[in-house]
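Structure, as structure tokens:
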Amino acid sequence: MTLAEKILSEKSGVKAEAGDIVEANVDKAMSHDNAALVIKKFEEIGMPLKIPDKIVIILDHRVPANTIKTAENHKKIREFVKKHGIKNFYDINYGICHQVMIEEGHAGKGMLIVGTDSHTTSYGALGAFSTGIGATEMAAVWATGKIWLKVPETFKITITGNLPKGVFAKDIILHIIGELGADGANYKACEYYGIVENMALADKITIANMSMEMGAKAALFGGDSEGAYEKEFEFDVSELSPQIACPHTVDNVKSVEDVEGKEINQAVLGSCTNGRIEDLRIAAQILKGKKIANGIRFLIFPASMKIYKQALEEGLIDIFIQAGGVIMNPGCGPCLGAHEGILASNEVAIASTNRNFKGRMGSKEAEVYLASPATVAASAIEGKIADPRKYL
Amino acid sequence: MLIRSKVIKYGDDINTDVIFPGRYLEIVDAEEMAKHAMEDLDENFLEKVKQARIIVAGKNFGCGSSREQAATCLKYAGVEAIIAKSFARIFFRNAINQGLLAIECKDADKIDDGDEIEIDTEKGEIRNLSKGVTLKIKPLPSFLSEIIKSGGLIEYMKRRA
């Protein structure tokens, strides 16, 4: 059986095979700022809260509140949490939901987790079947503890070869998305094998997180390679260059050699995809003792407050500030143009985030290029898209 | 269910950020969401949808974010059905849960912008009245049809409660 079949069998109590529709019990139900919309829908249903201890709410998308409307939403969430005794509530001083879920032990092997965020696929790094849903559906989960799911077919994706210097997990997953396309794994589970199995948890999270960008329903590590796979893919990364997803789709992926020299206005380091301590370390290694190019902005937003604190202790934050960077509190803001770091028309950003859609980071006349933290750091130094390998 | 209207046609990989930009995610009122529908894709959309209440698109419609506002804003802007070659999975669920008919049709290419079509879910077909062509569609699983008929997941749950 595939990991998806095993987990959904256990959670539904029936033998779940790809193509079946099952009703499964969820282990955790995660929401962020959009819990305000979930609450609205939940109150419309008018049923009691079935699973208060399985609900996790983490404020991260617009923190601290950027508008009165956001402030009212946050207030509504805090009041609801208090009223219903929801103990797993993380206010604005924790960080980005996916990182906090993992840091606080809400995600683990074999669990079924749903979240009102598409990058909920991240917890597959730990072997969970985790997937994104909408707010209305989450309201139904709060009321029933269950969700219907079609058991997905699974792709087996094996990564081989020695990863070259200056090439990272982000480059691997961008390469895969470029090959399979924006809908290449739509509705599918992806099980990852090969060299990525021995990579750090941070790297696995990056790969599971970004699998969403090819439509994956779930992305899983820790399988036994014994399932009936719909398709099998093998990617040899021994000759891979740093990869860049060019505007305006994540599958528009090119090697850095084909894009370098493109002038930028902003470099963004952080997000649920690449805001972990390992990401900050590699960027700091490149930036140590250097200055960013004149006239550009360099924004750093660690994925969580714990990571922020650790980066302070390791002296990384000092390196970023010395280089000319602006440190922001952990949150999602710049990644989705929600607040902070908004781009003006005709501006260009390079970012370690996960989406480059038109208007994603502000003006619809702006451009976003996606890359690894190392490529972002090298580009900040040069003021144009740059190859990080010469700095390592 | 029988829906007849003119069509607004879009291409492949229409993502949720252009359907409903992230800068408006703090909005929880559906009527207000509708004012921003398709804002970063088609600035004439709200005008067009007065005459054409069916969207037809290529593959992977609604890819990207899990934001259900992308489905809600279209419904409240007046869209009655979306036909696409394929849907991104979260958008598809969100549409059904909002009571918005989402129909997969591999032959969506045979419908052009401005065509008058009739969707007949009972017969499982789309009649392109402008071109005189009939396209087959796969029926939704019955419990999903029930959600649509109820007007969305909330109404469906209220009925069963």
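Read the figures in this text as sums done on the coordinates, not as results from a lab. This is a predicted model, so every value here is computed, not measured. Virtual Cβ from ideal backbone geometry, glycine too; neighbours counted across all protein chains shown.
Key figures for this structure:
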quantity: Residue-averaged beta-carbon neighbours from other chains (10 angstrom radius) around B:90-99; calculated: 5
quantity: Ascending count of other beta-carbon atoms within 10 Å, so fewest first, for A:100, A:22; calculated: A:22, A:100
quantity: CD proxy at 222 nm, helix term only [per DSSP H run n ≥ 4: -39500 (n - 2.57); per residue of chain B; nearest 500]; calculated: -7500 deg cm²/dmol
quantity: Over chain A, relative contact order from alpha-carbon pairs under 8 Å, at least 6 apart, %; calculated: 17 percent
quantity: Percent RCO, i.e. relative contact order, over the stretch B:2-160, from Cα pairs under 8 Å lying at least 6 residues apart; calculated: 24 percent
quantity: If the convex hull is drawn through the Cα atoms of the stretch B:2-160, its volume per residue in Å³; calculated: 99 Å³
quantity: Within chain A, percent of DSSP bridges classed antiparallel, to nearest 5; calculated: 20 percent
quantity: Inverse mean reciprocal Cα-Cα distance (Kirkwood Rh) of the stretch A:144-300, Å; calculated: 17.0 Å
quantity: Residue A:298 long-range amide H proximity, modeled H, under 5 Å; calculated: A:267, A:326
quantity: Counting DSSP beta bridges with both ends in the stretch B:2-160, the antiparallel % (nearest 5); calculated: 50 percent
quantity: Stokes-Einstein D in µm²/s, Kirkwood radius over Cα pairs - the protein assembly as shown at 37 °C with 0.692 mPa s viscosity; calculated: 140 µm²/s
quantity: 22 Å Cα-Cα threshold exceeded, pairs from A:109/A:156; B:6/B:110; A:41/B:138; calculated: A:41/B:138
quantity: Cβ-based exposure ranking for A:23, A:260, in which fewest neighbours within 10 Å come first; calculated: A:23, A:260
quantity: Residue exposure sequence - B:76, A:369 - by fewest surrounding Cβ within 10 Å; calculated: B:76, A:369
quantity: Computed [θ] at 222 nm, deg cm²/dmol, chain A (DSSP H ≥ 4; -39,500 (n - 2.57); rounded to nearest 500); calculated: -9000 deg cm²/dmol
